[in-house]
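What follows is a set of notes on a single structure, which appears directly below.
The values are calculated or read from the model by the stated rules, or taken from the named source; none is laboratory data. Because the structure is predicted, anything quoted here is derived from the model rather than measured. No Cβ is skipped: glycine too gets one built from the backbone with ideal geometry, and neighbour counts run over all protein chains shown.
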Amino acid sequence: MILEVRKYGDPVLRKKGAPVEKITAEIRQFIADLIETMHANHGVGLAAQQVGRALQVTVLDVREVKDRPSTLERDGQPADVDQFMPLVLINPQIQPHGQTVAAAEGCLSFPEIYGEIPRPEFVEVTALNETGRTIEFRAGGLLARAIQHEVDHLNGILFIDRMSAERKRELQSELDTLQAQTKAALRKK
């Protein structure tokens, strides 16, 4: 089922997600819905908060992005990124590594708003997958950036929080408009 993507101004986007204690049938269905919603919105990642649930669950799929490569290593060996997509991360723990690199980011919760966001170029990840098995890997490129973006969501951090003050000032009227529209829509519910 395609879920509603929450927009900037919805308080759930600022909530830290609760850890998932057990992989239930309901959690597995929620993961399937997250993946379907991400694909329907042409996103490369989607966190639980973005569909209204403050849980430590995110999904990613970078297969469609050809101009920004991704890398993945398991046990120190290169792996085919496509074989791991869509990627489900439950209760993820990340360790950023490498130089900080600024690159363009967008977010499904901020339609048509983009900014250069500085992030470390690699990330080591430990998480549970959709079956409850622990997975560990190192990601680089777009996948590393997307994982950091989504893990921020799981902790109530938005990509605008990592933008330069100058860029945020440039976008302020758009952000204020989006926030006002979202709050008005929430009052009608």
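Does region 122-157 hold any residues that are in a loop (DSSP other than H, G, I, E, B) and either in contact with a His (Cβ under 7 Å, 6 or more places away or on another chain) or without any contact (Cβ under 8 Å) to a residue 12 or more places away in the chain (or both), and which are they? ARG133, ILE157, listed by residue number.
Restricting attention to region 4-41, the residues being buried (at least 19 other Cβ atoms within 10 Å of the Cβ), part of a loop (DSSP other than H, G, I, E, B) and on the phi < 0 side of the Ramachandran plot number 6.
Among the residues examined, ARG119 does not qualify as under 15 Å from ILE147 (Cβ atoms) and outside any strand (DSSP E or B). I need a count of the residues in region 71-98 that are surrounded by fewer than 16 Cβ atoms within 10 Å (Cβ to Cβ) and either over 21 Å from GLU136 (Cα atoms) or under 18 Å from the mean Cα position of the chain (by Cα) (or both). Counting residues in region 71-98 that are surrounded by fewer than 16 Cβ atoms within 10 Å (Cβ to Cβ) and either over 21 Å from GLU136 (Cα atoms) or under 18 Å from the mean Cα position of the chain (by Cα) (or both) gives 4.
Restricting the search to region 142-189, which residues are within 21 Å of VAL101 (Cβ to Cβ), in contact with a Lys or Arg (Cβ under 9 Å, 6 or more places away or on another chain) and of a type in the set (Val, Ile, Thr)? Of everything in region 142-189, those that are within 21 Å of VAL101 (Cβ to Cβ), in contact with a Lys or Arg (Cβ under 9 Å, 6 or more places away or on another chain) and of a type in the set (Val, Ile, Thr) turn out to be ILE157, ILE160.
Scanning region 93-129 for residues that are among the acidic types (Asp, Glu) and within 19 Å of ASP80 (Cβ to Cβ) yields one hit, GLU124. Got at least one residue in region 48-68 being surrounded by 21 or more Cβ atoms within 10 Å (Cβ to Cβ), closer than 19 Å to PRO120 by Cβ, small (Gly, Ala, Ser) and modelled with pLDDT of 95 or more? There is no residue in region 48-68 that is surrounded by 21 or more Cβ atoms within 10 Å (Cβ to Cβ), closer than 19 Å to PRO120 by Cβ, small (Gly, Ala, Ser) and modelled with pLDDT of 95 or more.
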